[in-house]
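A quick write-up on the structure given underneath.
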């Protein structure tokens, strides 16, 4: 690589320009892959959403007909409603994670192992989590049914009841998500400045007040990330729905992510255009959060420079 | 179209990374794709293929077995991309999308040339679209009510022949703390069996076919009548509690343990009933009772088929294979392994208790339906069975469900 | 430290904490413990309705041998490795390059391009599904591990780039300037100066990406069908259909499927958490 520039006395073109060219060469492979597999498909999906297409025949341009249909589709509204429930309830992972982190932020014997074990559910695949909880909810022999029976109550078939099913799945989802938020907060708590805590103590702050006025402000970065990953997790809630209920009973636990898959690729689906339209709506919702995230990051970058 | 454009560049990448595309078949090779991942269907096909190879030593057979569930999506890909010469599929409206997309070959000549219109008469109508034949059936099986003979005997219940008798039997079972009907509706399709039989018995075959073909609204008074009758079983709680939480197999233990006494199912369930410990003395089979008096009885008999993809490269040998599988003795052999019924009427009558009953029932049947999710279009079928499930959980929602189904029907069959 | 260390509180509270800690851990892990216990039960135990009590007999060996002998789970696990390992290498490798470009150079469009990577990272998978599946089909890579790998590499590059770039930003820039003064080429700055410093980041990303990809279920169902390429997550789900009510097998299968990322986590815990909590402390 070291060209004999010094010998000739002049520099080659490459040497003069390598600092301009280098970033682009370094970027090229990664950017190419990302462009082809992530950025372009977003636009292709938007484009497909204007067509009727079963994946094998010809595409027929139908304008915004897919979107028009969407707004008169009960299943779409059920999915949307469930997505809202997911977003709201999944957020419980953030305070719950904080609570667990506060509970575990001690230095007693064996705490490191206990912390890892608490974090454990996050490492599991959602397939495993889904199977475990589906079993847990089984109305004839699941643990939940046995607990109900022990109290002399009639067991609820959580996953077969339209009123409970979404909540049942969310609880399963919260298990690993709380673990994730917990680890974020544990790391955050580790980095809290002891001086400020001491100062707070001198001011007479204790317990909840200390938490609210001194600790939480310092945990803001952790909170921010926890919220972001939880929102994304809530909107991506495909795996658990697919594994635990397939959207049932009678479609009452569908979320947009699952409904899209169902329409575009499942045994009874293959409506690529309609599926793409659902995906575009999901994308639009996500875009709100992506924008918030980017704006914050942008202001940070500004500050850093 | 866009895909071709965008695929241009990564194609180079793929050429480097992929291990090379599967070599396309040369002449004299017969590529067969089947969804026979389960042991019995796999063995049945193996027997047929071995027999065919023995007769046609010059033909080299390449057989790809796909996962049964995954096949439903894979077939859409390979029919366009890398078509085999033979593809397994299903009769009725299930094959319509491929026929309409021009992906299946017209095989009417195979039917003409081998006298199949005669020997496969019972399944002929379900293989016909636009007056042409699009494949060859090789097996079907009956649907009906399996019941606990021992429980019926204990309670002095006669095998019901009419709707009123069925209701009376259910009431008596319920009084004795036994759930009349086992069902697991989690996967939705078991509800389709109930709807099919209710509609076939209340309104008859022609109406059922018109409805599944999208010609009749779901809000039609005749459909409403079906649901009104059905609710006579749903309202009193004659179906297994929490059925939406179970798959059909998970509902079997209730039947085997005697907590439920009847199970409307396809004959494939017999294996599980027997392995659960039921003997032939305990397990009876009956035809679904009459509802509208005098109406000729049609039955559900889902038919499995083989087809030649339009893009196949060796259609000549493929047609030979179709004719081979259509033969009476080949179907006898395949169905002995499958434990199902041959579609060729020259085939040997099965000896098994339930199969021979089914054979008799189907041969006297007025007509055969394929099953709701094969007769109705896929999107309609999904929405329909979801509606049936909801109805079986909340019969009070009947009107809302039917209105929703009608909305979907008018969109799907526009 | 917050909350106040428990040692400083009264004996009463210390006692309560000492009891509460294991009890809460037990409750938290009940689902997992139940699976472990079930995976060593006999079928007879389950048939007798003993789902949650102590097993009457232990079938550890029987159950775990059974799942390997009677199901393709071994093949599924192998597939998972075939997908996961190339993805880790590919995504981490590519993001070393991109992260270096974003972290070291100031060029027009740096931030805009970088934001593209970051934003793409949060996109719902569904909006990519139809085109990516179609593209994979057209490349002839549908139903192959290679098709999955290509997509995963591309997608994970987004997250990894964010991580690498921030990591490189935090390195002392003087090192690079010193190297430039000495006439070291840009490529050598990358390989000789920066790469050695990036080892912790590479380790952290490798474990994270390994776990993410191992646990991926959605793309496995979209891009793969058959057992020759199906990863263990999707495979486990299809086995669940076959092993209906055979919960001892489902449990054993779940444990086997979960094992590799779990081992990875316990071995590389520090890196794993460092990767996951990136950004949770600064800002």
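Derivation of every value follows stated rules applied to the coordinates shown; laboratory data play no part. These numbers come from a predicted model, not from an experiment. Ideal geometry is used to build each Cβ from the backbone, glycine not excepted, and the neighbour counts take in all protein chains shown.
Could you work out the pair-distance distribution P(r) of the stretch B:106-253 from its alpha-carbon pairs, with 5 angstrom bin width and percents rounded to whole numbers?
Calculated P(r), rounded to whole percents: 2, 8, 13, 15, 15, 15, 11, 9, 7, 4, 1, 0.
Give me the log10 of I(q) over I(0) for the stretch A:189-247 at q = 0.21 Å⁻¹, as the Debye formula computes it from C-alpha points; what are the numbers?
So the normalised log intensities work out to -0.79.
Mind checking A:292-301 for the average number of partner chain beta-carbons within 10 Å of each residue's beta-carbon?
Shielding by partners across A:292-301 averages 3.
Does anyone have the angle between helix B:39-55 and the longest principal axis of chain B? Alpha-carbon axes, 0 to 90°, nearest 10?
Around 40 degrees separate the two axes.
Can you tell me what share of the DSSP beta bridges in chain B is antiparallel? A percent to the nearest 5 is fine.
60 percent
Sort A:245-256, B:303-314 by the packing proxy (mean of other Cβ within 10 Å over each peptide's residues), most packed first.
Most protected by this proxy first, the peptides run A:245-256, B:303-314.
If I take R0 = 60 Å and measure r between the Cβ atoms of residue B:77 and residue A:203 in this structure, what FRET efficiency does the formula 1/(1 + (r/R0)^6) give, to the nearest 0.05?
0.30
Principal axes first, then extents: for the Cα atoms of the stretch C:6-59, list largest minus smallest coordinate on each axis, whole Å, largest first.
Principal extents (Cα only, largest first): 52, 15, 15 Å.
Return the average number of partner chain Cβ atoms within 10 angstrom of each residue Cβ along peptide B:242-254.
Counting Cβ atoms of other protein chains within 10 Å of each residue's Cβ and averaging gives 5.
Angle check, please: helix C:126-138 long axis (alpha carbons) against the longest principal axis of chain C (alpha carbons), in degrees 0 to 90, nearest 10.
It works out to around 80 degrees.
Taking square-rooted eigenvalues a ≥ b ≥ c of the alpha carbon gyration tensor, is chain C rounded, prolate or oblate, where a/c under 1.5 means rounded and, failing that, a/b exceeding b/c means prolate?
oblate
Calculate I(q)/I(0) for the stretch C:128-190 by the Debye formula, one identical point scatterer on each C-alpha and no solvent, and give its log10 at q = 0.22 Å⁻¹ to two decimals.
Normalising to I(0) and taking log10 leaves -0.87.
Using 0.36 nm per residue of separation minus the Cα-Cα distance, give me the extension gain between residue C:191 and residue C:18 in nm, one decimal.
Working it through step by step, the gained length comes to 57.2 nm.
What ranking do A:138-147, B:56-65, B:30-39 get when scored by the average of other Cβ atoms within 10 Å per residue, highest first?
B:30-39, A:138-147, B:56-65
Using only the Cα atoms of the stretch C:170-209, construct the convex hull and provide its projected area averaged over every direction, in square nanometres to one decimal.
Result: a mean projected hull area of 3.0 nm².
Could you pull the Cα extents of the stretch B:320-414 along its three principal axes, largest to smallest, in whole Å?
Computed over the stretch B:320-414, the largest-to-smallest principal extents equal 50, 33, 24 Å.
Looking only at other chains, what is the average number of their beta-carbon atoms within 10 angstrom of each beta-carbon in B:178-186?
So the per-residue partner count for this stretch is 1.
According to a simple spin-label model (label point 7 Å from Cα along Cα-to-Cβ), what is the distance in nm between residue C:270 and residue A:299?
Placing both labels 7 Å beyond Cα along the Cβ direction yields 3.6 nm.
Kindly provide the Kirkwood hydrodynamic radius of the stretch C:4-152 in Å, to one decimal, from all pairs of distinct alpha carbon atoms.
When all Cα pairs of the stretch C:4-152 are included, the Kirkwood radius is 21.6 Å.
What FRET efficiency do you get for residue B:155 and residue C:69 if R0 is 56 Å and r is their Cβ-Cβ distance, rounded to the nearest 0.05?
E(calc), rounded to 0.05, equals 0.80.
Working from the pairwise distances between different alpha carbons, so that the mean of 1/r is found and then inverted, what is the protein assembly as shown's Kirkwood radius in Å?
31.2 Å
Taking only C-alpha pairs under 8 Å that are 6+ residues apart, what is the relative contact order of chain B in percent?
In percent, rounded to a whole number, it is 27.
Over chain A, what is the mean sequence separation of C-alpha contacts under 8 Å (at least six apart), divided by residue count, expressed as relative contact order in percent?
Result for chain A is 26 percent.
Running Debye on the stretch A:75-304 with equal point scatterers at the Cα sites and no solvent, what base-10 log of I(q)/I(0) appears at q = 0.13 Å⁻¹?
Per q value, in the given order, log10 I(q)/I(0) is -0.90.
What number, rounded to the nearest 500 deg cm²/dmol, is the helix-based mean residue ellipticity at 222 nm of the protein assembly as shown, given -39500 (n - 2.57) per DSSP H run of at least four residues and division by all its residues?
-19000 deg cm²/dmol
What is the Cα centroid distance between the stretch A:184-255 and the stretch A:123-178, reported in whole angstrom?
Here the two parts' Cα centres lie 23 Å apart.
With everything on Cα atoms, drop me the angle between helix B:398-412 and the longest principal axis of chain B, reported from 0 to 90° to the nearest 10.
20 degrees
Give the whole-number value, in cubic angstrom per residue, of the convex hull volume spanned by the C-alpha atoms of the stretch A:142-208.
Measuring per residue, one finds 154 Å³ for the Cα hull of the stretch A:142-208.
Can you tell me the convex hull volume per residue for the stretch A:205-292, based on C-alpha atoms, in Å³ to the nearest whole number?
Taking the convex hull of the Cα positions in the stretch A:205-292, it is 120 Å³ per residue.
Considering Cα pairs under 8 angstrom that are at least six residues apart, work out the relative contact order of the stretch C:69-276 and quote it in whole percent.
Computed value for the stretch C:69-276: 34 percent relative contact order.
Once you sort the root eigenvalues of the Cα gyration tensor of the stretch A:64-141 as a ≥ b ≥ c, which label holds: rounded (a/c under 1.5), prolate (a/b larger than b/c) or oblate (the other case)?
Judged from the Cα gyration tensor, the stretch A:64-141 comes out prolate (a/c at least 1.5, a/b above b/c).
Of all beta bridges DSSP finds with both residues in the protein assembly as shown, what is the antiparallel percent, to the nearest 5?
Roughly 60 percent of the DSSP beta bridges within the protein assembly as shown come out antiparallel.
Write down the Å³ per residue value for the convex hull defined by the alpha carbon atoms of chain B.
With only Cα atoms used, chain B gives 158 Å³ per residue.
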